[in-house]
1. Starting from the Cα coordinates of chain B, work out the convex hull volume and express it per residue in Å³.
2. Using the count of nearby Cβ atoms within 10 Å as a rough guide to exposure, how do B:Y281, B:Y19 rank from fewest to most?
3. What FRET efficiency comes out for B:E392 versus B:R49 if R0 is 22 angstrom and r is the Cβ-Cβ distance? Round to the nearest 0.05.
4. Would you work out the relative contact order for chain B, in percent, from Cα pairs under 8 angstrom that are 6 or more residues apart?
5. Run the reach check for B:K547 against aspartates and glutamates, Cα to Cα strictly under 14 Å, same-chain hits fewer than 8 apart removed. What comes back?
6. Quick query: amide H of B:E633 versus all other amide H atoms, modeled in the peptide plane; which residues come in under 5 Å with a sequence gap of 5 or more or a different chain?
7. With both partners inside chain B, how many of the DSSP beta bridges are antiparallel, as a percent to the nearest 5?
8. Would you list which aspartates and glutamates come within 12 Å of B:K464, measuring only between C-alpha atoms, while excluding same-chain residues fewer than 8 positions from it?
Amino acid sequence: MAVDPEKEISGLWRALQGSQESTRRTFYQMRQALLEVAGPDADPLDISVRAWGIIGKDMGKAYLPRMNLLKGIEGLMMNVARAYQGLWTTNGAVVDIEKGQKPNELFITWKRCPWPTSAKEHGASMKEDLQGCDTYLREFLEEVNAFLGTNLKIETLKSIPSGDGVCLRRLYNPEDK
Amino acid sequence: MGKLLFEWDYSSYPGAQKYPHLFKSIQLGNLTIPNRIKYAATEDNLNGRDGFVTDSGVAYLKERAKGVVGGLCTMQGVYLDEARRGQGYVGQAAAWDDKFIPGLTRLADAIHEQKAVAGCQLMHCGRVGAIEADYCQGPSPVPQRLRIFRPVQEMTKADIKQCLKEHVEATERLLKAGFDFVEISGIVGYLLSNFVSSYTNRRSDEYGGDIRGRMRFVVECIQEVKKVCGDVPLGIRLCAEELLDDVSGNTPEESMITYEMAEEAGVDVMSVTAGWQESIYPVISRDIPMGSWLHLAERAKQHLTIPVSMAYRLFTPDLPNKAIEEGKLDIWEMCRPMIADPLMPKKVLEGKEEEIRPCVACNVCLARLFRDAPMTCYINPVCAHEWDPKYEIKPAEMTKNVMIVGAGPAGLECAWVAAERGHEVHVYDKRQELGGTIIEASKAPYGDDELYGQIRFAKTMCEKNGVEFHLGTEVTPEVIEEELPDSVVLATGPRYSKGTAPGFDRQNVVSVLEVLSGTAQVGDNVVVWGNMKPGIGVALFLAKQGKRVTVVGREKKLGKDVNPSFLWRYVGYLRQNKVTTYNDCDIEEITDEGVTVVTYDGHRIPVKADTFVLTEREANPALKDVVQENGIELFVIGDALVPRNLSSAVHDGYRIGIRI
């Protein structure tokens, strides 16, 4: 009984896409539930940003066992960047990492990301989508900083929700002038 | 010469001749300890959840006190605060109020009854504490690497002052209870170590900064406790190497400064340790060769004038004896070897080393503690049941002729226990060698050779108790009918199960036993069928030979039968040796080219393989019918009953041995 690779891979591919779609839909369904419970005065932006903050912090904690300084700050920054890359790739994004010209500077590019489309589909603003992502990344990083006593920062230079075509973020160590 | 609590004369004992350095006295402060043996403070979760000492805790410690033959027996570390932020284990003993003194007195008395020196320990668990509270305390709010711990709250100066006071008050209670030696624990992530480490102490006040600043809390603690101790010697446990270089922990040089400062502050003995609970490096599991950490004790000796003690993979008396002779160590500490065999040093003294049940360094004892369960031991069925008469080996009311089929760990354990009770015991095995599947299992890499120690121990005990071996004898229905014993114990081991998929009868399908014994031809690409310990062991055995190995198993998680405190080692080694694992999967077909793996949800993965190794096991009902048909009392134990692990085999064997 030979395995038909095309059939196996296409089945898995469909399952992965379905799972990614379901994750995004679930987020917005939970957001809707919170809005309904919170009442008419609730600001969706507050709820969303708060939720992404919790998720970011928790994911940061989950990744602590993989974070270390054995290869110095540069190695740690690459650990963090790869963690972001892995987390977003699992969600259906395409993410690249490039070293910057300065030491201890990395540029992370989201060449494609399904989250802004999902936000649109569920009636969320692009501002909310962008701030949600920024909060997630920052809270994740804060957890790592607290763990290792570092002071890494991340800043958003371009974003898909702002119409830039890609999200471009700079991960850096401000202590390196 | 300091104060001597109990007279001991070891001169007539064979162990004192063989290991003279272990059985000579040593002075700690003003106290003379008759030998160089210390049972290290060990949490056991045997106390009430309210911190009160229990009968089981007293019985547990009393047995260890007997074992140290006059040496130092230390009770577990006590927590010191009513808010329970310093409590790291649900069954940890408490000393934050006078109401605990009667229970603590029972422990000190139990040690003294055995003419041993009673030690106690102060243990605020710091960032790994607050097991029953909402947050724990530390010098800085640095999150732990592991999720299981509570959030850390930074201690204020008032908190620090209060904590010092609690150390002092607890010491007063412990001294009232009658303890002869006090130790402060500053290791593995507990509070004192949190202050010392650059990883967890980021304070900018006088309790932080450089190593001298970070040691300030420890120094103050030593000085305050010392004032209360008076003539009672004071020890401390500190890390010689934190093994936290990946998170900017202390350097070994800084650790030695902490040792020097502790001595200067007034401690009388230093207990040398390595690693933290959050370290990514293994320290005490059996993949670490015995004696690996002795260089740390030697280094400590170079920095100190006070005596130095150490545990950490010193499981046999020759190692510490030699180290003491060479001036690298002063006191042999033990924890796990005396969990496995509480009388271990006593047996050394009496020249009965072969009768020591050796610890297999599996860390199930620790795994239990971290899961809020009472202490147990993988290979000592009596551990934590010392209080329970049901676990005693008592003479049989009616002696029987017992036939045990299978000379593996279950059969041998049952045999010696039954024989010691007075039964006439015959052990049969079709092989010419004792050990059953442990013969092969002990050939797996990363320290599994130590598993065979259980067979050596059981063989000695069988021989001592007159068990008759019938090796090279296959037990058939005819043998049973001819012998007609009163009881039959089937300890025949498991059957290796073939799946129902096409190809399981192919020539390239071999058993784990054939592979580990070297009798099977194994190609370069191997699929191991079964994701429990036998599968992991053989996968590593083959991967270390350079073969490409894939483990496929039905269990949802790898190594379901391996305790979590050891499983992380195997997971690391599998990754290191590039072994692929497919859990929650089945085999659809085996061919000459390979194997089709099918996931739980029906996806199929082709895996190239020239050899397929069976490790999946099932119960072995062989001979059951014939025993029952002849009206003979029947017991089935070990993997023959339900395939599990060495621990279950030994525990089954013991339990049936005391019941027959």
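Rule-based calculations on the coordinates, nothing more; no lab input. What you see is a predicted model, and the numbers here were worked out from it, not measured in a lab. Heads up, the Cβs are rebuilt from the backbone with ideal geometry, glycines too, and the neighbour counts pull from every protein chain shown.
1. 161
2. B:Y281, B:Y19
3. 0.20
4. RCO, chain B: 11 percent.
5. Output for B:K547: B:D524, B:D610.
6. HN-HN under 5 Å from B:E633: B:V488.
7. Numbers: 15 of 84 bridges.
Counting DSSP beta bridges with both partners in chain B, the antiparallel share is about 20 percent.
8. Reachable aspartates and glutamates: B:E354, B:E355, B:E420.
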